[in-house]
1. Based on the mean of other beta carbon atoms within 10 Å per residue, what is the order of 22-31, 67-76, most packed first?
2. Would you please classify the overall shape of the stretch 17-93 from the alpha carbon gyration tensor, given that a ≥ b ≥ c denote the square roots of the eigenvalues, rounded means a/c under 1.5, and beyond that prolate means a/b larger than b/c while oblate covers the rest?
3. Can you give the FRET efficiency for Arg28 and Leu78, using 1/(1 + (r/R0)^6), R0 = 25 Å, r = Cβ-Cβ distance, to the nearest 0.05?
4. Which percent of the accessible area of the stretch 17-93 is formed by carbon and sulfur heavy atoms (probe 1.4 angstrom)?
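The values are calculated or read from the model by the stated rules, or taken from the named source; none is laboratory data. The structure displayed is predicted, hence computed values, not measured ones. Virtual Cβ from ideal backbone geometry, glycine too; neighbours counted across all protein chains shown. The area values use the complete protein model at the heavy-atom level, side chains included, leaving out ligands, DNA and RNA. Shrake-Rupley method; radii C 1.70, N 1.55, O 1.52, S 1.80 Å.
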Amino acid sequence: MPERGTRAAMHFDDVPIGDAYLTHEAVRAILERQDNRCAGCSAPLDAGSTYFDLRRPAICGGSHTLGNLAALCPSCHLSHMRRIREGFADHRNK
Ligand SMILES: [Zn+2]
């Protein structure tokens, strides 16, 4: 059983996150780290249209940790997704 209440002692970047959603705390930590700007183009992010992506996708061995997450604006999110898909397709064609 993982122990609760030891969170403060952990390095935040190593905190595992769930597949589907981020805690409010995690979101805040990522946005703070990025100064509320997109990791791709440095555009200011607004709360309603911020995407959280794994920098190194899980299908490529990326881990679900805060350190592997980046906050992106909608257009960077789209190109990030496209790049992953292309990379993945490339991989399979070899
Ligand atoms: Zn962007």
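1. Values: 22-31: 14.7, 67-76: 18.8.
By packing density, highest mean first, the sequence is 67-76, 22-31.
2. Working: a/c = 2.43, a/b = 1.46, b/c = 1.67.
Oblate is the answer for the stretch 17-93, as a/c is 1.5 or above yet b/c matches or exceeds a/b.
3. Values: r = 24 Å, r/R0 = 0.97.
Between Arg28 and Leu78 the formula returns 0.55.
4. Working: 2590 of 5000 Å².
So the carbon and sulfur contribution to the accessible surface is 52 percent.
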